[in-house]
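Down below is the structure, laid out as C-alpha cells.
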Amino acid sequence: MWLYEKKLQYPVRVNTTNPALAQMIIEQFGGADGELSAGIRYLTQRWTMPTNQGKAILTDIGTEELAHWEIIGTIVWKLVKDASIDQIKGTPFEAHYVNHGKSPYPHDASGVPWVAAYINSKGDPIADLHENMAAEQKARATYEWLINVSDDPGVIDALRFLREREIVHFQRFGEALRIVQEELDRKKYY
Amino acid sequence: MEVDIMSREQKLLLLEIMEYSFALVETNLYLDTHPYDERALKLHNSYSQKYNELLSLYEAKYGPLRYTQMSGCPWAYINDPWPWEIDFNVI
C-alpha cells in the first residue's frame, strides 16, 4: 500500500503567473513520457520482476514518479491560479481552460489525453527494464526542451531537479538490468 | 492576496524535513541495487534517525503530515496548507 506524506519532494517556487508556460509544463503531467506514464509503468511491471533488487527499484522509483507528478501539477497550478481571463485568452492554455478551468488534467502540451498505450508491461524483465531506461532518457530530453522554453527562474529550478532524477533513475534501472541478467544467466544449465 | 498561514519557523523546519526525506529517497534507491554497501547503509541510517526526529518535532508542533499519527480534536491532518498551497518564495 501507500502512505501519503503531506509535503512535496522538492519545494516548488513559481515567480510569475504564466498560463502559456503552464500548458507546456502539462506535457509532463499527462504526456507520453511524463510522470504519470512513468509511475504507472513501473508500478505495473512489479508482478513479473524476478529479483528482489528489481522489485524494490520498480516500487520505489514508481512511487517517486507519483511525487514528481504532484510537483508538476503544483507548478501548473501555481502558474495559473492567479491568472485573469484576459491573461488566459489567446494563450495555448485557453483550450484547456474551457474544459478543465484551472485544474491540471493529464493530457500533453497539445491537449491529447493520457492513454495506457503510452506504457507497457511485457511480462519479460529484460524487455521491461530496457523500456524503462529508454523512458528515463525520453523524459530527460523532454525536461531539456521544457527548460529551453521556460523563462521563470523558479520553474526552471524545479525542472532541473526533475531532469536530474531521470538520470539517477536511468542509472538504477541499468544496475537492475545487470542484476536480472546475471540471475537469468546463473539459472541456465547446459 | 492570500494570507500566509505558515510562519518562517514552520517553513524552515518543513524544508529541513524535505531535505532529509529526499536524501532518504536517494539512499533508498541506491541501496535497492547495492544492498551490501555498508557505507551507504550507514549514511541511510543516520539520515533516517534525523528524519524521524525532525518529523516528530514538526508533527508535535504543527499537526500530522501522515494520517498514521495521533491528533487532538479536531483531526488536524486536514488543516491547510496542503503541499501545493505553500509559498516557498517567501520564507
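The values are calculated or read from the model by the stated rules, or taken from the named source; none is laboratory data. For clarity, every value in this text was computed on a predicted model and none was experimentally measured. Ideal geometry is used to build each Cβ from the backbone, glycine not excepted, and the neighbour counts take in all protein chains shown. Areas reflect the complete protein model, heavy atoms only, side chains present, ligands, DNA and RNA absent. Shrake-Rupley method; radii C 1.70, N 1.55, O 1.52, S 1.80 Å.
Identify, please: which residue in segment A:114-141 is farther than 21 Å from A:Ile72 by Cα and assigned to a loop (DSSP other than H, G, I, E, B) and is, among those, most open to solvent (accessible area, probe 1.4 Å)? Out of the qualifying residues, it is A:Lys122. Note on segment A:1-41: residues that are more than 13 Å from chain B (Cβ to nearest Cβ) and in a helix (DSSP H, G or I) amount to 17.
Would a scan of segment B:36-57 turn up a residue that is within 12 Å of chain A (Cβ to nearest Cβ), open to solvent by less than 70 Å² (accessible area, probe 1.4 Å) and not in a helix (DSSP H, G or I)? Taking every residue of segment B:36-57 in turn, at least one turns out to be within 12 Å of chain A (Cβ to nearest Cβ), open to solvent by less than 70 Å² (accessible area, probe 1.4 Å) and not in a helix (DSSP H, G or I).
The rows are residues; the columns are (1) in contact with a Gly (Cβ under 6 Å, 6 or more places away or on another chain); (2) open to solvent by less than 20 Å² (accessible area, probe 1.4 Å); (3) under 25 Å from A:Gly62 (Cβ atoms); (4) away from every other protein chain (no Cβ under 12 Å).
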| site | (1), (2), (3), (4) |
| --- | --- |
| B:Leu15 | no, no, no, no |
| B:Gly63 | no, yes, no, no |
| B:Thr68 | no, no, yes, no |
| B:Gly72 | no, no, no, yes |
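If you go through segment A:45-59 one residue at a time, do you hit one that is within 10 Å of the chain's Cα centre (by Cα), at pLDDT 95 or above and at negative phi? Among the residues of segment A:45-59, not one is within 10 Å of the chain's Cα centre (by Cα), at pLDDT 95 or above and at negative phi, which makes the answer no.
For segment B:74-91, a tally of residues being open to solvent by less than 60 Å² (accessible area, probe 1.4 Å), in contact (Cβ under 8 Å) with a residue 12 or more places away in the chain and within 10 Å of another protein chain (Cβ to nearest Cβ) returns 5. In segment B:48-65, the residues that are closer than 16 Å to B:Ile5 by Cβ form Cβ pairs under 7 Å with partners that are of a type in the set (S, T, N, Q) and assigned to a helix (DSSP H, G or I), at six or more places apart or across chains, as follows: B:Tyr62/B:Gln10. As a summary of the residue check, A:Gly111 satisfies the conditions (1) in a loop (DSSP other than H, G, I, E, B); (2) in contact (Cβ under 8 Å) with a residue 60 or more places away in the chain except for the one numbered (2). For B:Arg39, are the conditions met, namely being of a type outside the set (Val, Ile, Thr), touching a residue at least 24 places away in the same chain (Cβ under 8 Å) and farther than 14 Å from A:Glu5 by Cβ? So B:Arg39 does not fit the description; no. Taking segment A:142-174 as the search range and keeping residues that are closer than 19 Å to A:Arg41 by Cβ, touching a residue at least 12 places away in the same chain (Cβ under 8 Å) and open to solvent by 10 Å² or more (accessible area, probe 1.4 Å), which one is farthest from the other protein chains (Cβ to nearest Cβ)? In this case the residue turns out to be A:Thr142.
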